[in-house]
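The values are calculated or read from the model by the stated rules, or taken from the named source; none is laboratory data. Here the structure is a predicted model, which is why all the values come from computation and not from measurement. Backbone-built Cβ (ideal geometry, glycine too); neighbour counts: all protein chains shown.
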Amino acid sequence: MNRVPGSSDVSSVDVIVIGAGPAGAEAAIGAAEGGLAVTLLDEQGASGGQVWRAPVGGYPGKRDPEAAAGAALRARLQASAVRAAFGHRVWSVVRDDSPDGLTPGFRVDAVGPHGNLSLRAPALVLATGAHERVVPFPGWTLPGVVGLAAATVLLKSHGLAPGRRVVVAGCGPLLLAVAAGLVKAGVEVPAVADLSRRFDWLARMPAVLGRPALAARGAGWCARAALSGARMLSGHGVRRAEGPEGVERVVLGPVDAQGRALSGPEIAFEADALVVGHGLTTACEVTRMLRATHRFSRLYGGWIPEVDEHFETTVPGLFAIGDGAGIRGQQIASLAGRRVGLELWARAGHADVGGRRGSDFESVDRQLARARPFSDAMSGLMAQRAGQVADIAPDTVVCRCEDVTRAEIDTAIDQSAGSIDQLKHFTRCGMGPCQGRYCGDTVQELMALRLQEPREAVGQWTGRPPLRPVSLGELVGEFNYDDIPIPKPAPL
Amino acid sequence: MSASLLFKPSRLVAVTVEGETRQMPEGMMLASALAATGLRVLRRSPRTGAPRGAFCLMGACQECAIHVDGALAQACMTPVREGMQIELRGAR
């Protein structure tokens, strides 16, 4: 095995969990309750993921059910035997099976405040969450344009209003939550533009009413935004954001069910920020890197790893839960985490402790089944709309990192970039520091549209390390030149 | 250009941004602390030189990567500490 220079020895544990949101933290706590040695890694400073993010820097945070749930999870994690390593960015995951090949194993490397941490375990749980999808429009790279999920981070965790007058646009349940959150924080919201039409919401009412508490909160958000004087525009999207050095004006216009612009009056709003999000995409870089089998699901956010009833991927010992395994929301993430915790306990030989575990499995599976209709209804509102992607203007930047435009992507495809990886080589799109996280879903759709092929045929970019940009200095850490082993010269 | 704090910080500390001292709430994430002082253009894009600022706020997009005490760091994941030296990447 290649040793990372300067790293301490590889510590062996029973379970490594990456991602301390509702799914990962729940799995870690469950496995630790079963007596397993669990290390939980997260790049943020506390558990909770994005949905239950902890306030920082003296901000007291909001008082809402999410804040309470996050605090409860953090308290349970604190009281558990889980070894949590926050502020650790996982940059490498490799398979490290036993020499006889009989026991699966994984080696995980993460850079933290004190250098590199190397771990080995026979079981790896991925709870890596989601990235925000923002389908490009002119001006989407301007300072002052932030994601919907990004706005929730500002409101829940940082304690910042992104502007004084903020347009909110996009789709899905976050749209109204953020609009209401901004209004409550004293921000003027001149307009809320929803890609979905009223019919899209009405069609989902049966599923939504299955969760009355959430339905009531949704109605409350809508009322709060509307009562503040915001123009509630359904079936509208962002045409463009304008301003020389940051957002000063946002232009909205009507769209069809596929997100394609309809002819109709454009409405312009003076604003100093635009909060916009078009759903979420799965952060499935690790399963891609480990060559697990994936399938494309427009409903669940794009490419998702295939998992069995235990949430185990096609790579033995590798589990995938939470939004990183398909956009299904917090409730399903928490339940999947519990399910994996139980499974790891059972595999450690504790299957029949008084028969209790068997009934626990059944109970979690029942709750998962009950949670699906609401979750699917919300996922449907957030799914990528092909017409919106087809509508991207030729001179609009698609890859933010490398400033690659739609026209350049189309030209490369026409000039025989035949695969998604080849397109990257031709244009550099997806090659910048975000590693394709923010353009991948759009670029793949553009290629599918151009070649008139299904997304399955276009595929996804090959997963490669490092998973996060890390500096050589962070990896190597402090070292002594005398400690560097110098190999003997080769014999002549 | 008017992002604003939603709370009264208990402690402000001095941070140097491009040689100029700014007061920021200790422990607040740098991207938001900079925005609260009116600074949201953090760098220029490499190819067209377009202005860029914090975008995802969760450590993934790298738009807010700036030099903190000489090393590249994501401003949305870096808490404010007293005496930090910040250099923006071509934004000023």
Selection status of residue A:174, modelled with pLDDT under 95, closer than 20 Å to residue B:76 by Cβ, part of a helix (DSSP H, G or I) and not hydroxyl-bearing (Ser, Thr, Tyr):
yes
Of the residues in the range A:418-445, those that are surrounded by 21 or more Cβ atoms within 10 Å (Cβ to Cβ) and of a type in the set (Gly, Ala, Ser) number 4
By residue number, the members of the range A:29-49 that are in contact with a strand residue (DSSP E or B) (Cβ under 8 Å, 6 or more places away or on another chain) and either within 13 Å of chain B (Cβ to nearest Cβ) or surrounded by fewer than 22 Cβ atoms within 10 Å (Cβ to Cβ) (or both) are A:37, A:42, A:43, A:45
If we keep only residues of the range A:453-476 that are surrounded by fewer than 18 Cβ atoms within 10 Å (Cβ to Cβ), within 14 Å of chain B (Cβ to nearest Cβ) and under 17 Å from residue A:283 (Cα atoms), then the residue modelled with the lowest pLDDT is A:469
Considering the range A:85-132, residues that are among the polar types (S, T, N, Q) and surrounded by fewer than 23 Cβ atoms within 10 Å (Cβ to Cβ), and then whichever is nearest to residue A:327 (Cα to Cα), we arrive at A:92
Residue hits (the range B:43-57; under 17 Å from residue A:432 (Cα atoms) and either crowded, with 24+ Cβ neighbours inside 10 Å or not small (Gly, Ala, Ser) (or both)) are B:43, B:44, B:46, B:47, B:48, B:51, B:52, B:53, B:54, B:55, B:56
When (1) part of a loop (DSSP other than H, G, I, E, B); (2) at pLDDT 95 or above; (3) in contact with an Asp or Glu (Cβ under 8 Å, 6 or more places away or on another chain); (4) not polar (S, T, N, Q) are applied to residue B:27, the one that fails is (3)
Residues in the range A:120-158 that are in a strand (DSSP E or B) and at the interface with chain B (Cβ under 9 Å from one of its Cβ atoms) total 4
Only one of A:261, A:271 is buried (at least 21 other Cβ atoms within 10 Å of the Cβ) and farther than 17 Å from residue B:57 by Cβ, namely A:271
Residue hits (the range A:359-414; small (Gly, Ala, Ser), part of a helix (DSSP H, G or I) and in contact with a Pro (Cβ under 8 Å, 6 or more places away or on another chain)) are A:407
Check on residue A:243, small (Gly, Ala, Ser), farther than 30 Å from residue A:386 by Cβ and within 14 Å of another protein chain (Cβ to nearest Cβ): no
Inside the range B:51-84, the number of residues satisfying the requirement of being more than 23 Å from residue A:278 (Cα to Cα), in contact with a strand residue (DSSP E or B) (Cβ under 8 Å, 6 or more places away or on another chain) and either more than 7 Å from chain A (Cβ to nearest Cβ) or among the aliphatic types (A, V, I, L, M) (or both) is 17
If you go through A:338, A:288, the only one that is within 23 Å of the chain's Cα centre (by Cα), over 21 Å from residue A:43 (Cβ atoms) and at pLDDT 95 or above is A:338
Of (1) at the interface with another protein chain (Cβ under 7 Å from one of its Cβ atoms); (2) modelled with pLDDT of 95 or more; (3) in a loop (DSSP other than H, G, I, E, B), residue B:35 fails just (3)
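Listed here are the residues, each with its yes/no results for (1) surrounded by fewer than 24 Cβ atoms within 10 Å (Cβ to Cβ); (2) under 20 Å from residue A:251 (Cα atoms); (3) without any contact (Cβ under 8 Å) to a residue 12 or more places away in the chain.
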site	(1), (2), (3)
A:142	no, yes, no
A:151	no, yes, no
A:154	no, no, yes
A:171	no, yes, no
A:199	yes, no, yes
